[in-house]
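The values are calculated or read from the model by the stated rules, or taken from the named source; none is laboratory data. What you see is a predicted model, and the numbers here were worked out from it, not measured in a lab. Don't worry about glycine lacking a Cβ; one is built from the backbone with ideal geometry, like all the others, and counts go over all protein chains shown.
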Amino acid sequence: DPAARERLTRLSAELEAETTHQFVLATVASLEGGSIDDYANRLFRHWGLGQRDVDNGVLLLVAPNERRVRIEVGYGLEGALTDALAGLIIQNTILPAFRAGNFAQGIETGAGEIVAVLRGDAEGVAARQSISRETGSSSDDWVPLVFGGAFAVFAGIFVILSILVRVFGTKVGKNRYRWHGITWYYSSGSSGGSGWSGGGFSGGGGSSGGGGASGGW
């Protein structure tokens, strides 16, 4: 969904402009037999998320084929985006949408909650997540079969984008390309994947001790 992608790009850019915090979304075709926790930590360090000496980056990693998702939090933001709060966002916002086949919605609403925390509204997000959890506990845990196709389509879009960016974009640094006014960050291999961030992400940080949370559907 180009419109959703544009909204997420703008959200990331505005967050960095306002706070210097960096938020990046990445999808990977395979975790290469490892855990999403280890993969996210390697990718976080490989991309150097966050500002140098501040380590104020957050990575939202989705592995559609393995049906796993993780929020990886840099050292500098672990006090704001705690493991518990990251877990609530995954369980109450991202996964219900994924299970219903609404892949783009799960990513966009989850990203919105993450960014709200990074803007200083951790209490508001925690309150919303608590309400969501209470509401969700009384509903039927029905999972439509259609979600698999939705995930495959969304993952395919990211694969196509990663190719187009490298073909038509202008290389501005290691694994970085400029295309349609957006700086894209691409990596392949043992810490590979495709991802993006707006706002001139500098890649000077990268320290994460495994803070965050993971989930599956």
Let me spell it out: the conditions are (1) surrounded by fewer than 20 Cβ atoms within 10 Å (Cβ to Cβ); (2) at pLDDT below 85, and PHE158 meets all of them except one. Which number is the exception? (1)
What's the number of the only condition in (1) over 17 Å from GLU66 (Cα atoms); (2) assigned to a loop (DSSP other than H, G, I, E, B) that SER30 fails to meet? (1)
In the set ILE94, ILE90, ILE71, which member is closer than 18 Å to ALA126 by Cα and assigned to a strand (DSSP E or B)? ILE71
Anything in the stretch 50-68 that is assigned to a loop (DSSP other than H, G, I, E, B) and of a type in the set (A, V, I, L, M, F, W, C)? List them, or say none. VAL54
Hits in the stretch 7-34 - residues which are more than 25 Å from ALA116 (Cβ to Cβ) and in contact (Cβ under 8 Å) with a residue 24 or more places away in the chain: VAL28, ALA29, SER30, LEU31, GLU32
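So which residues in the stretch 1-27 are part of a loop (DSSP other than H, G, I, E, B), at pLDDT 90 or above and surrounded by fewer than 18 Cβ atoms within 10 Å (Cβ to Cβ)?
Within the stretch 1-27, the subset part of a loop (DSSP other than H, G, I, E, B) is 1, 20-21.
When the remaining residues are screened for being at pLDDT 90 or above, the result is 20-21.
Once the filter is applied, which keeps residues that are part of a loop (DSSP other than H, G, I, E, B), at pLDDT 90 or above and surrounded by fewer than 18 Cβ atoms within 10 Å (Cβ to Cβ), the stretch 1-27 yields only THR20.
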With the structure loaded, tell me whether ARG52 is farther than 16 Å from THR9 by Cα, under 13 Å from the mean Cα position of the chain (by Cα) and surrounded by fewer than 22 Cβ atoms within 10 Å (Cβ to Cβ) or whether it fails that test. no
Subset of the stretch 82-133 [surrounded by fewer than 19 Cβ atoms within 10 Å (Cβ to Cβ), farther than 21 Å from THR9 by Cβ and of a type in the set (A, V, I, L, M)]: ALA84, ALA100, ALA122, ALA126, ALA127, ILE131
